[in-house]
Amino acid sequence: MPTPAFILKNTFGYDTFRLLQREVIENVLAGRDTLAIMPTGGGKSLCYQIPALILDGLTVVVSPLIALMKDQVEQLRANGVPAVVLNSSLSSSEYRKNMDLVRNGAAKLLYVAPETLLTGRIFSLLSQINLALLTIDEAHCISEWGHDFRPEYRQLLNVRQRYPDATCLALTATATPRVRTDIKFSLEFSQSNEFVASFNRENLFIEVMPKHDGIGQTIRFLEGFKDQSGIIYCFSRRQVDELAAYLAVKGFSARPYHAGLEDAERKANQEAFIRDDTQIIVATIAFGMGINKPNVRFVIHYDLPKSIEGYYQEIGRAGRDGLPAHCLLLYSYSDVAKLRYFISQKEGDERRVASQHLDAIVRYAEDEINCRRKPLLAYFGETYAVENCKNCDNCTTAPAALTDITISAQKFLSCVKRTGERFGAGHITAVLRGSKNKRVLRFGHDRLSTYGIGEELTQKQWMHLSRQLVQMGYLHQNGEYRTLSLTEKALEALRNRTLIMGQIMEGESHSGRVGKRQVEMAYNHGLFALLREKRKSLADVVNVPPYVIFPDRTLIEMSAYYPQSSDSLLKISGVGQVKLNRYGEVFLDVIKAYCEEKGFQEKHKESRREKGDSKRRYMIVGEMYNAGESIQNLKERYQVGTGTIVSHLTRFAAAGNSLRNGDDLQPLISISADQQKAAVQAFEELGTDYLKPVFEKLNAEICYDDLKIIRLIALSQQ
């Protein structure tokens, strides 16, 4: 039976697992229900696709988006994996054909929407086969606290109860601790078997820019991304249509995408974007794209998103191939006011939760000091300890020189106090600037001593100052209306006339902050263009998106190393055996012809083995253990549990390395000598690659933790 590592390389063309992929896959293969939280682009799909090719039976994948299902199935088939989809986009004949493939065991993966899965027709189909793995993608949709709650997802527990022998894997890229708890409760998972990867997307450059000329700022930004794919999110359908049309007039390859378009037009625009026939898609924030396009090089939020969770998911559509991508958020007070108006139309808890989400994204957008990643990751319960990420605007822009803003700060703080600490920054600014608007007059604030004393600063300058005072701890900002109140620090500053240093925004110069983006690997752009052209022609012939043939990362590596043979091509990331057989010669011909014309030679790319496995954690742990380090010492050194050290040592031994027969393994076992003997005999009979066959042979009487240790002892004695 093939191992996960063999399938990873031979089928999908990758040398190494990404963070937590191996652990999740092994947990699923061990028959444990599993919740995996992994960032967009973190490789969630392989966590069920690899087990699907190992397990005896069908893997059902529940996904909310038809476009995403279609995309996944196309990519799997390109890799030689038998996968089908059942949804409303199929004709009657296609639907029956795919059902027959599932019924006959010719499909290893079946993609369905939750509504489809919950029908009697599908239940009848699944009752005729062995359902090995139920995968729930976008699992945050189960939780009413998730940003995209779908009631039909709550009913998936019925499927779990109907097929109790199937292992269940729930996956999502965005889930706060509260949402994760709700998912496990809703699916009746145990509290263990949860894997949470870092939410940090290191390849994304994150930038927030005050919006003063949205169209002009967008066009200037796009000029730096010629012929590259990107998404622009807008708040309204009208804005989407206007911006897409204007960009087209200006010569950009852009199309609109929102729920108000005719189905045919919307699908055609999405398909054009996926297939690189158009470079830019302009879409509504509220409308889920469901696009697994790996080479999106930028995401622009033309308007403010409704929540940090939604914002994180939307920027996550950039750089899924791991290459550098740029995420720009254009922020304006009018966007906040617009969203607050819509929130005011809601009632009760819905209104309160929406206000909390908006407050969080506003605080994030207004923070001009801290690393963008810190508040973003903190929202998902993750601490980001790095002082400077070197890949966001706040970390890569030299801090502006501070000046004495004491007088202006005192004016603002005094006005907050005199208006009763019951109003937001917009109202305080109106009073300071001597506005005669109805609200100022109705509350009699035109009679205050602070009325009109701040005409020397513009509204934007006062608002900018207010944000600094909040960040510096002089003001609290609370509630749905973001009312300001003085802190003890502010009262002390007013009493003692404390010097306050800060910035007075000069016109629009603040909006020009541009950081230094991450640099991609060096490669030959001329060859890359030729390979893209060849990829596009092949994709059009077989009617699939270009990245189904090969993603950009693969073409970039080809353009960097100039492989001249099939063996060299197999070393390139993303080239597996199936794709080598299908497309290898075609791409090698392009590379060889280019290199011959330019006089280039192949550059050696080290394989995983050549890079030296000795540098990998499991090798280091194995060598230290052989040198006499105890299990306890290794746990303390790496601050991990016993299970992790046992896993490292097992990988070390399975890789062909001898392992000392340590005395400290035996005390970790909690079963009797007779049970140990039976387990050893089972391993001798069935092999040590998989635990589930041994677990079942022993009638589930010995837990997996004990089996892991017994397996390790057996390996050390070989």
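The values are calculated or read from the model by the stated rules, or taken from the named source; none is laboratory data. These numbers come from a predicted model, not from an experiment. Virtual Cβ from ideal backbone geometry, glycine too; neighbours counted across all protein chains shown. What goes into the accessible areas is simple: the full protein's heavy atoms, side chains included, and nothing from ligands, DNA or RNA. Shrake-Rupley method; radii C 1.70, N 1.55, O 1.52, S 1.80 Å.
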Within segment 452-466, work out how many residues are assigned to a helix (DSSP H, G or I) and open to solvent by 20 Å² or more (accessible area, probe 1.4 Å). 4
Per-region count, segment 557-569, residues in contact with a Ser or Thr (Cβ under 9 Å, 6 or more places away or on another chain) and not in a loop (DSSP other than H, G, I, E, B): 2
Within segment 364-389, tally of residues that are within 18 Å of ALA425 (Cβ to Cβ), surrounded by fewer than 17 Cβ atoms within 10 Å (Cβ to Cβ) and of a type outside the set (Val, Ile, Thr): 0
Given the structure, is VAL680 at pLDDT 85 or above, open to solvent by 40 Å² or more (accessible area, probe 1.4 Å), β-branched (Val, Ile, Thr) and touching a helix residue (DSSP H, G or I) at 6+ places or on another chain (Cβ under 9 Å)? yes
Condition set closer than 21 Å to SER414 by Cβ, under 36 Å from the mean Cα position of the chain (by Cα) and open to solvent by less than 40 Å² (accessible area, probe 1.4 Å), scope segment 484-518, selection modelled with the lowest pLDDT: answer is MET505
Just the residues that are within 25 Å of ARG266 (Cα to Cα) and either open to solvent by 30 Å² or more (accessible area, probe 1.4 Å) or in a helix (DSSP H, G or I) (or both), please, taken from segment 78-98. SER88, SER89, LEU90, SER91, SER92, SER93, GLU94, TYR95
Going residue by residue through segment 637-649, is there one that turns out to be crowded, with 16+ Cβ neighbours inside 10 Å and touching a Phe, Trp or Tyr at 6+ places or on another chain (Cβ under 7 Å)? yes
Only one of (1) in a strand (DSSP E or B); (2) surrounded by fewer than 18 Cβ atoms within 10 Å (Cβ to Cβ) does not apply to GLN356, and that is (1)
Strands (runs of 3 or more DSSP E) fully within segment 249-342 counting 3 or more residues that are over 24 Å from ASP367 (Cβ atoms) and among the β-branched types (Val, Ile, Thr): 280-284
Residues of segment 434-451 being under 21 Å from ILE407 (Cβ atoms), buried (at least 19 other Cβ atoms within 10 Å of the Cβ) and of a type outside the set (S, T, N, Q), which ones? HIS445, TYR451
Please go through segment 99-123 and give me each residue that is without any contact (Cβ under 8 Å) to a residue 12 or more places away in the chain and either of a type in the set (Ser, Thr, Tyr) or open to solvent by less than 10 Å² (accessible area, probe 1.4 Å) (or both), ordered by number. THR119
List every residue pair whose Cβ atoms lie under 6 Å apart, where the two residues are 6 or more positions apart in sequence or sit on different chains, the first residue falls within segment 323-340 and is among the aromatic types (Phe, Trp, Tyr), and the second residue, located anywhere, is part of a strand (DSSP E or B). TYR331/VAL208; TYR331/PRO210
Tell me the residue from LEU530, LEU569 that is surrounded by 22 or more Cβ atoms within 10 Å (Cβ to Cβ), modelled with pLDDT of 90 or more, out of contact with any Cys (no Cβ under 9 Å at 6 or more places or on another chain) and not hydroxyl-bearing (Ser, Thr, Tyr), please. LEU569
Residue check, SER45 open to solvent by 20 Å² or more (accessible area, probe 1.4 Å) and in contact with a helix residue (DSSP H, G or I) (Cβ under 7 Å, 6 or more places away or on another chain): yes
Quick test of your reading of the structure: VAL362 fulfils all but one of (1) under 24 Å from the mean Cα position of the chain (by Cα); (2) under 26 Å from GLU223 (Cα atoms); (3) of a type in the set (Val, Ile, Thr). Name the failing condition by number. (2)
Is there a residue in segment 399-408 that is farther than 20 Å from ILE500 by Cβ and either touching a residue at least 60 places away in the same chain (Cβ under 8 Å) or not basic (Lys, Arg) (or both)? no
For segment 653-677, give me each residue that is part of a loop (DSSP other than H, G, I, E, B), open to solvent by 90 Å² or more (accessible area, probe 1.4 Å) and closer than 21 Å to THR642 by Cβ. ASN661, ASP663, SER670
Test: residue in segment 259-271 that is within 26 Å of SER89 (Cβ to Cβ), touching a residue at least 40 places away in the same chain (Cβ under 8 Å) and in contact with a Cys (Cβ under 9 Å, 6 or more places away or on another chain): no
Limited to segment 683-713, what total is found for residues that are in a helix (DSSP H, G or I) and over 22 Å from HIS648 (Cα atoms)? 3
Residues of segment 1-60 being modelled with pLDDT of 90 or more, polar (S, T, N, Q) and closer than 24 Å to GLN313 by Cα, in sequence order, are GLN21, THR34, SER45, GLN49
Take LYS592 and decide whether it is open to solvent by less than 30 Å² (accessible area, probe 1.4 Å) and assigned to a helix (DSSP H, G or I). no
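So that you can scan it fast, the table gives a plain yes or no per residue for (1) under 21 Å from the mean Cα position of the chain (by Cα); (2) open to solvent by less than 10 Å² (accessible area, probe 1.4 Å); (3) under 16 Å from ARG32 (Cβ atoms); (4) modelled with pLDDT under 85:
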site	(1), (2), (3), (4)
LEU125	no, yes, no, no
GLN128	no, no, no, no
GLU144	yes, no, no, yes
ARG150	yes, no, no, yes
TYR153	yes, yes, no, no
LEU156	no, yes, no, no
ALA175	yes, yes, no, yes
SER186	no, no, no, no
ASN193	yes, no, yes, no
Residue selected from segment 204-220 under the condition open to solvent by less than 20 Å² (accessible area, probe 1.4 Å) and within 26 Å of the chain's Cα centre (by Cα), by the criterion farthest from GLU309 (Cα to Cα): THR218
